[in-house]
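Colleague: This is the structure, below, for whatever I ask next.
Rule-based calculations on the coordinates, nothing more; no lab input. This is a predicted model, so every value here is computed, not measured. Backbone-built Cβ (ideal geometry, glycine too); neighbour counts: all protein chains shown.
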Amino acid sequence: MKNRGQTITLIASLGAVALMAGLVAASVPLYNLFCRATGYGGTTQIADHAGTATGRTITVRFDASLAKDMKWRFQPEQRQITTHLGEPTLAIFSATNLSDKAVVGTATFNVTPAKAGVYFNKIQCFCFTEQRLEPGQTVDMPVSFFVDPALADDDTTSEVTTITLSYTFFDISQRQGRS
């Protein structure tokens, strides 16, 4: 009888460990899905086309940074753009590989203030794909976006006149066995 109790305890413990491992593995994708759906933490939305432009303008500032191990120069071509809510807008970022080998990078992004993230819609962005730059190569990377006019109707964001779109590039060459 004692053996049966130990077996049940062992099976229950292994089941609990497997459940916790599954939750850990699923936590990042579930969190990303939650952020994309709600705009939580300044996560932007993805759109396939812009809405209807309004008369209200908004200033979008651009910020670019690199992870410590990233040997690129990365910067926006313009520091800010003033656009109308709903108007399709294009911003260009420039990246140069300063190393002597090919580097594959990926960008993370966010919007501040975070409460405006749900209204910031990217139509096309370099952050959706990995970027491979050969030694010394320079590329222009466009971001096509619009800010949803509903931003002006939301009581919690109606005072927002400036949004900052920030990107950070990370070197993923070594992690994926690339060079």
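Colleague: Identify the residue in the range 115-133 that is among the β-branched types (Val, Ile, Thr) and more than 15 Å from ALA91 (Cα to Cα) and, among all such residues, is surrounded by the most Cβ atoms within 10 Å (Cβ to Cβ).
Modeller: My answer is VAL118.
Colleague: Going by the structure shown, is SER144 surrounded by fewer than 19 Cβ atoms within 10 Å (Cβ to Cβ), under 20 Å from the mean Cα position of the chain (by Cα) and touching a residue at least 60 places away in the same chain (Cβ under 8 Å)?
Modeller: When the stated conditions are applied, SER144 does not pass them.
Colleague: Determine if the range 87-98 includes at least one residue that is small (Gly, Ala, Ser), over 14 Å from ASP148 (Cα atoms) and in contact with a helix residue (DSSP H, G or I) (Cβ under 9 Å, 6 or more places away or on another chain).
Modeller: The answer is yes; a qualifying residue exists.
Colleague: What number of residues within the range 104-147 satisfy the criterion of being of a type in the set (Lys, Arg) and within 26 Å of THR57 (Cα to Cα)?
Modeller: Result for the range 104-147: 2.
Colleague: Separate question: Quickly run through the range 153-165 and pick out the residues that are under 15 Å from the mean Cα position of the chain (by Cα) and surrounded by fewer than 16 Cβ atoms within 10 Å (Cβ to Cβ).
Modeller: Matches in the range 153-165: none.
Colleague: Are there any pairs, at least 6 apart or on different chains, whose C-beta atoms fall under 6 Å, with the first in the range 151-167 and on the phi > 0 side of the Ramachandran plot and the second hydrophobic (A, V, I, L, M, F, W, C), and if so, which?
Modeller: Here the result reads none, with nothing in the range 151-167 linked to a residue that is hydrophobic (A, V, I, L, M, F, W, C).
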